[in-house]
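These notes are about the structure you will find just below.
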């Protein structure tokens, strides 16, 4: 699909422990897991990225940040589609929702702007 110019979006949050979000218990786990995601998605060689993600439960504060893996599945799909394209951080906030650290990522090159007439040729 990407070869045909289809944009693939995985929606989610790098921290998803709703009960800890209500208090201050999410600050440190969100910071630690986000740092691991940064290292894995942006600073790890593309051929090793999938290996690290397969072992995500071993990451610092993994289960505190994601008690269930369902909110990481979109990330896994996008990384799989990215294949050997580099990752980059597009959003990073240290005080999200009262103190959590959260990030968003993209993979591959940013396409040129669409023509003014809206045709995507």
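The values are calculated or read from the model by the stated rules, or taken from the named source; none is laboratory data. Source: prediction; values computed, not measured. Ideal geometry is used to build each Cβ from the backbone, glycine not excepted, and the neighbour counts take in all protein chains shown.
Here is a list of conditions, (1) part of a helix (DSSP H, G or I); (2) in contact with a helix residue (DSSP H, G or I) (Cβ under 9 Å, 6 or more places away or on another chain); (3) within 17 Å of residue 10 (Cα to Cα), and residue 78 meets all of them except one; can you say which number that is?
The single condition residue 78 does not satisfy is (2).
Is it true that residue 108 is within 14 Å of the chain's Cα centre (by Cα), modelled with pLDDT under 90 and over 12 Å from residue 42 (Cβ atoms)?
Yes; evaluated as a whole, the condition is true for this residue.
Contact list please: Cβ distance under 7 Å, first residue in the stretch 24-41 and without any contact (Cβ under 8 Å) to a residue 24 or more places away in the chain, second residue in a helix (DSSP H, G or I), pairs at least six apart or on different chains.
40/49; 40/52; 40/53
Looking at 50, 35, 20, which one is modelled with pLDDT under 85, part of a helix (DSSP H, G or I) and surrounded by 10 or more Cβ atoms within 10 Å (Cβ to Cβ)?
Result: 20 is the single residue among 50, 35, 20 that is modelled with pLDDT under 85, part of a helix (DSSP H, G or I) and surrounded by 10 or more Cβ atoms within 10 Å (Cβ to Cβ).
Can you tell me which residue within the stretch 38-47, out of those that are in a helix (DSSP H, G or I) and either under 13 Å from the mean Cα position of the chain (by Cα) or modelled with pLDDT of 95 or more (or both), is surrounded by the fewest Cβ atoms within 10 Å (Cβ to Cβ)?
If we take residues in the stretch 38-47 being in a helix (DSSP H, G or I) and either under 13 Å from the mean Cα position of the chain (by Cα) or modelled with pLDDT of 95 or more (or both), then 39 is surrounded by the fewest Cβ atoms within 10 Å (Cβ to Cβ).
Just to verify a result, which residue in the stretch 1-17, among those that are within 16 Å of residue 80 (Cβ to Cβ) and at pLDDT below 85, is surrounded by the most Cβ atoms within 10 Å (Cβ to Cβ)?
The extreme case among them is 12.
What's the total number of residues in the stretch 53-64 that are part of a loop (DSSP other than H, G, I, E, B) and either closer than 16 Å to residue 89 by Cα or touching a helix residue (DSSP H, G or I) at 6+ places or on another chain (Cβ under 8 Å) (or both)?
3
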